[in-house]
Amino acid sequence: MDLYQYDLETEAQEFVDVPHWIDQDISVPTVAAITDGGCNSGAYMPAVTYHQALQTMNEWGDEVLEYIEDELGEIPSPGDPASWMAWATFYLSTAVELWAGMALDAIEDQLEDE
């Protein structure tokens, strides 16, 4: 199913719950783009822009890490990032990409049922 066919204004929250740590107006095509190329591809800049990721992790970091642990069974190591901001982008990107994969599956399932 080609979810890029949806208008950029078609919000994912019409189909799935969007966690507080993701922009609430994230579009269906953006979710598809995240699953195709990850956050680092530029598909979801709030997760890779240092100041935005750090702000999100300051506010929602416990929930983000809990989400990752629930999905993966552990918190992965980011290696040896150079700064706290690099840690923030690593963990936020990881969580957003995990959520996008789940969201894409749920959206496709709902659309197939229509």
| query | Within the range 57-68, can one find any residue that is under 22 Å from ASP113 (Cβ atoms), in contact with a helix residue (DSSP H, G or I) (Cβ under 9 Å, 6 or more places away or on another chain) and surrounded by 12 or more Cβ atoms within 10 Å (Cβ to Cβ)? | reply | no
| field | Per-region count, the range 69-103, residues part of a helix (DSSP H, G or I), touching a helix residue (DSSP H, G or I) at 6+ places or on another chain (Cβ under 6 Å) and over 23 Å from THR30 (Cα atoms) | value | 1
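In the range 34-46, which residues are hydrophobic (A, V, I, L, M, F, W, C), assigned to a helix (DSSP H, G or I), closer than 11 Å to GLU97 by Cβ and free of Cβ contacts under 8 Å to residues at least 60 places away in the same chain? Walk me through it before giving the result.
So in the range 34-46, the residues hydrophobic (A, V, I, L, M, F, W, C) come out as 34, 39, 43, 45.
Next, from what is left, pick out any that are assigned to a helix (DSSP H, G or I): 34, 39, 45.
Remaining after also requiring closer than 11 Å to GLU97 by Cβ: 34, 39.
Passing the criteria: only CYS39.
Would you mind stating whether TRP99 is aromatic (Phe, Trp, Tyr) and farther than 19 Å from GLU11 by Cα?
Details: aromatic (Phe, Trp, Tyr): yes; farther than 19 Å from GLU11 by Cα: no.
Answer is no for this residue.
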| Going through the range 33-47 one residue at a time, which ones are within 11 Å of LEU104 (Cα to Cα) and buried (at least 23 other Cβ atoms within 10 Å of the Cβ)? | ILE34
| message | Which numbered condition in (1) under 21 Å from GLU9 (Cβ atoms); (2) surrounded by 13 or more Cβ atoms within 10 Å (Cβ to Cβ); (3) at pLDDT below 95 is the only one that TYR50 fails? | response | (1)
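The values are calculated or read from the model by the stated rules, or taken from the named source; none is laboratory data. Just so it is clear, the structure is predicted and the values come from calculations on it, not from any experiment. All Cβ positions, glycine included, derive from the backbone under ideal geometry; neighbour counts span all protein chains shown.
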